[in-house]
Amino acid sequence: MYRTHTCGELRLHHQGQQVTLAGWVQRIRKLGAITFVDVRDRFGITQLAFYEDSDKENFDKANELGREYVIQVTGIVRERDSKNPNLPTGDIEVVPHTLRILNASKTPPFTIEDETDGGDELRMKYRYLDLRRNPLKNNLMLRYRIGMEVRRYLDSLGFIDIETPFLIKSTPEGARDFVVPSRIHPGHFYALPQSPQTFKQLLMVAGFDRYYQIVRCFRDEDLRADRQPEFTQIDCEMAFVEQEDILQTFEGLVRHLLKEIKGIEVGPFPRMSYADAMRLYGCDKPDIRFGMQFVELNDIAKGFGFKVFDEAELVVAINAQGCAHYSRKQIDELMEYVRRPQIGAGGLAWMKRDENGLKSSFDKFYTPSQLEAIAEKAKVTNGDLLLILAGPEAKTRKALHELRMYMGEKLGLRKPDEFAPLWVLDFPLLEWDEETGRWHAMHHPFTSPKPEDIHLLDSDPGSVRANAYDMVLNGNEIGGGSIRIFDRQLQKKMFQLLGFSDEKAQEQFGFLMNAFEYGAPPHGGIAFGFDRLVALLGGHETIREFIAFPKNNAGRDLMIDAPSPIDEEQLQELHISTINPQV
RNA sequence: GGUCCGGUCGUUCAGUUGGUUAGGAUGCCGCCCUGUCACGGCGGAGAUCGCGGGUUCGAGUCCCGUCCGGACCGCCA
């Protein structure tokens, strides 16, 4: 071994012991006849003290060191003359009698400090240096701990981890597939799984009635701060369960994680229907750390001659409590926010109550009692500011949701150390896709409809609710799943609704429907976005900081420079020619 | 497919109405310093201002194009 202790380990009680440490040079402080060297490994930092008077040879050698040199020292642990209370090892230092340079280092392109001076691009290019920094190191350690706790919890409930293949078959539903050409079968392609969905259902048919996997998934769609082309799911499936069993089991998982990782105890998770989430928050993943629920004003605001409201399909408001003092300029700024093309509201109406009474941007169209009625419905008390949007229903709800989140952020109501999970239930089974002019599965094509809604499948497909559920944490969807269809006839019906011909359905999903003919148990499951969950528990919304080697926002790996062109030879072997060969 | 922001010494940021010796901080190098821990002091080196074109007597600054990075919309069952 190159060391007897780690750099974060030594304390006062080690005083007098001879130890050997190995690590990276964090910083060197030359004071003349003394040189201090901080040596770092992933466990911590220990100070080394070199003296010109007593050990000229090592002193001179220490003065030759540079940042990030890899060194090994052997010496005696000593109590410091002046202690550093900011460091766990701050009471001691090591006085080396041997110093070995294991490897020199170029000066790194950015400082290896908690607050680095490096920009994103550089840090991505030198990711292995960025990972030496505490924040990233701690993020990866958090990720590992959460993974371990997930396994511990699921294992204790009898779940078993089974691997599923990465080279599978491309399917038309859902996200764009990453595709892998087959060398052996010219013109044929594998696809990388968007999730192990069908495989875990087949494992249920196979009798492994509690399955899980912390598994990589691949989707060839555009990236975001919280989306990578390859990401990790906690993928789970259970047989012989109803929705309630799944909710209990996985609510338990998240409760376990919050307790073990954050030391937070949470009670039973609130449950909300999709319809209520949309009605009260304009969004299917509401952040319920703060109130500010939607108040619909159609019945009391329309019909009094204010055109903006009268002509709107929906007039809806949020009450920003305590914001009545907002200046004209501040309100204008909110107006600008909602009018940005990406939000798309036409304008913003407001009403406030302060020591001067009730005032609004639409006073002249209403009598005082009509205004009072609005204020009363929205519970506008002294000091409150009501923000009102009007327009087409779906668009207006979405815009008000954005405004609500914006206000929540502005008012400091989205506290990163507070965790408010909830279940959103009863999602629609199908949604209409304007572009293709057909129904799409909102969750996926294997999701079962609610039994009481099955009779609507033909007459009113859009109103059929699914046995589907999302787990939402602080405004982020962290997991979602459903009770599956396990009946071949119903599955066939679903494929019909989704516009698959019998032949196409057989070709794409025949393996699953055939399996259902051999005794498929009732089953259902859920998948959590592991990266997102880790990021949230780590107090961030950018998952990139919690992945060792992530891609940038254009799907590129700046460190290894991927994707990249391949040799003509390699293309030929794969029976591929490119339409626009790269320069 | 689209919108917005950015690209200036190794790094990070400033740079006025177009005329500067292109500046600060940090890092790097040298000298001084026996208790520092973001050590301190003094000195030094370090920039074809992303790239190409245009306007102009004159472009880091204005215009067009392009590349790269970041955020977002569409997209993500």
The lone exception for residue A:150 - which of (1) assigned by TED's automatic domain parsing to the domain that holds residue A:252; (2) loosely packed, with under 15 Cβ neighbours inside 10 Å it fails | (2)
Within the stretch A:301-321, track down each residue that is β-branched (Val, Ile, Thr) and surrounded by fewer than 20 Cβ atoms within 10 Å (Cβ to Cβ).
-> A:308
Residue A:96 vs (1) within 12 Å of RNA strand B (Cβ to nearest atom); (2) surrounded by 17 or more Cβ atoms within 10 Å (Cβ to Cβ): all pass except (1)
Give the residues of the stretch A:300-317 that are among the acidic types (Asp, Glu) and either within 39 Å of the chain's Cα centre (by Cα) or in a loop (DSSP other than H, G, I, E, B) (or both), sorted by residue number.
-> A:311, A:313
Identify all residues within the stretch A:112-121 that are surrounded by 16 or more Cβ atoms within 10 Å (Cβ to Cβ) and within 8 Å of RNA strand B (Cβ to nearest atom); write none if there are none.
-> A:116, A:118
Identify the residue in the stretch A:401-438 that is surrounded by fewer than 18 Cβ atoms within 10 Å (Cβ to Cβ) and outside any loop (DSSP other than H, G, I, E, B) and, among all such residues, is farthest from the chain's Cα centre (by Cα).
-> A:438
Note on the stretch A:459-477: residues of a type in the set (Val, Ile, Thr) and buried (at least 24 other Cβ atoms within 10 Å of the Cβ) are A:472
Being more than 28 Å from residue A:423 (Cβ to Cβ) and of a type in the set (A, V, I, L, M, F, W, C) narrows A:240, A:178 down to just A:178
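A quick yes/no check of all residues on (1) at pLDDT below 90; (2) outside the structural domain of residue A:243 (by TED's automatic domain parsing); (3) away from RNA strand B (no atom under 15 Å from the Cβ); (4) not in a loop (DSSP other than H, G, I, E, B):
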{"site": "A:480", "(1), (2), (3), (4)": "no, no, no, yes"}
{"site": "A:486", "(1), (2), (3), (4)": "no, no, yes, no"}
{"site": "A:500", "(1), (2), (3), (4)": "yes, no, no, no"}
{"site": "A:517", "(1), (2), (3), (4)": "no, no, yes, yes"}
{"site": "A:535", "(1), (2), (3), (4)": "no, no, no, yes"}
{"site": "A:565", "(1), (2), (3), (4)": "yes, yes, no, no"}
{"site": "A:583", "(1), (2), (3), (4)": "yes, yes, no, no"}
Would you please name the residue that is surrounded by the fewest Cβ atoms within 10 Å (Cβ to Cβ), looking only at residues in the stretch A:439-452 that are in a strand (DSSP E or B) and within 8 Å of RNA strand B (Cβ to nearest atom)?
-> A:440
For residue A:193, are the conditions met, namely being surrounded by 13 or more Cβ atoms within 10 Å (Cβ to Cβ) and either within 16 Å of RNA strand B (Cβ to nearest atom) or not assigned by TED's automatic domain parsing to the domain that holds residue A:240 (or both)?
-> yes
Output for Cβ contacts, cut-off 7 Å, separation at least six or different chains, first residue under 20 Å from residue A:128 (Cβ atoms) in the stretch A:543-571, second acidic (Asp, Glu) and in a loop (DSSP other than H, G, I, E, B), reads A:543/A:226
Residue identified as exposed (fewer than 14 other Cβ atoms within 10 Å of the Cβ) and over 27 Å from residue A:540 (Cβ atoms) among A:342, A:330 | A:330
What's the number of the condition residue A:237 fails, among (1) within 16 Å of RNA strand B (Cβ to nearest atom); (2) in a helix (DSSP H, G or I)?
-> (2)
Determine whether residue A:86 is more than 12 Å from RNA strand B (Cβ to nearest atom) and modelled with pLDDT under 95.
-> no
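The values are calculated or read from the model by the stated rules, or taken from the named source; none is laboratory data. Predicted, not measured: the structure shown is a model, and the values here were computed from it. Neighbour counts run over all protein chains shown; Cβ positions are idealised from the backbone, glycine included.
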